[in-house]
């Protein structure tokens, strides 16, 4: 029996408007350990593909994961979330700048403006998109600066995140950040100052969680993570996100 024209229209109207149960818009930002120094050729084969429910935006447009010679924590982060939330669309927006200090990420600065532009590319056409989480890996440069500058890190990071949440109309978005982990005898006091401020930040910033970076594999410079370290960092960020959202 053929369906009448009216019934056909009704059936079409009742179809879901999206294949996905939920959009999870997540920002990845920071400096070189967010940009990534892990060599893509060291990735296991399974990590060289992009899960069907992952959309990754970097440098102004959507890209495949592990597309370049080097990768950051986004690869294992994306794969872990894709498996944990197979019915959801995972939208990742990455903005990173090697050697950047927290003052360069303040509102009005080029990196902050650039981050907002990247998010705009990923959400073009959407009405009031909500940012689910901000994942942050930065602080190594501040930890290798003078002690007075290092002591300003915590307040500047808090101010930046509060402004970013406000500008994105996502005041309760989860903020996950990796703790700075490096050794440098000449800057040991500054390193400890930054690490201490990171440890106490969740006490003064709502819905903020620190992710430990101890034991991650590094390159010979003792600062940048190698391929194994980047994979583990991405998994730790993903596990922290899953714990807070499931």
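Here are a few things to note about the model shown:
- Matching residues, region 172-185, being touching a residue at least 12 places away in the same chain (Cβ under 8 Å) and either more than 24 Å from residue 214 (Cα to Cα) or over 19 Å from the mean Cα position of the chain (by Cα) (or both): 172, 173, 182, 183, 184
- Residue in region 66-77 that is within 27 Å of residue 142 (Cβ to Cβ) and free of Cβ contacts under 8 Å to residues at least 40 places away in the same chain present: yes
- Count of residues meeting criterion [part of a loop (DSSP other than H, G, I, E, B) and over 12 Å from residue 69 (Cβ atoms)] in region 40-54: 6
- With respect to the conditions (1) out of contact with any strand residue (DSSP E or B) (no Cβ under 6 Å at 6 or more places or on another chain); (2) part of a helix (DSSP H, G or I); (3) at pLDDT 95 or above; (4) over 23 Å from residue 49 (Cα atoms), residue 98 falls short on a single one, namely (2).
- Restricting region 187-219 to residues that are touching a strand residue (DSSP E or B) at 6+ places or on another chain (Cβ under 7 Å), in a helix (DSSP H, G or I) and touching a residue at least 12 places away in the same chain (Cβ under 8 Å) leaves a set whose member that is farthest from residue 170 (Cα to Cα) is 199.
- The number of residues in region 129-167 that are surrounded by fewer than 19 Cβ atoms within 10 Å (Cβ to Cβ) and either touching a strand residue (DSSP E or B) at 6+ places or on another chain (Cβ under 9 Å) or within 30 Å of residue 90 (Cα to Cα) (or both) comes to 9.
The values are calculated or read from the model by the stated rules, or taken from the named source; none is laboratory data. Keep in mind it's a predicted model, so treat the numbers as computed, not measured. A quick note on method: Cβ atoms are made from the backbone with ideal geometry, for glycine too, and the neighbour counts reach across all protein chains shown.
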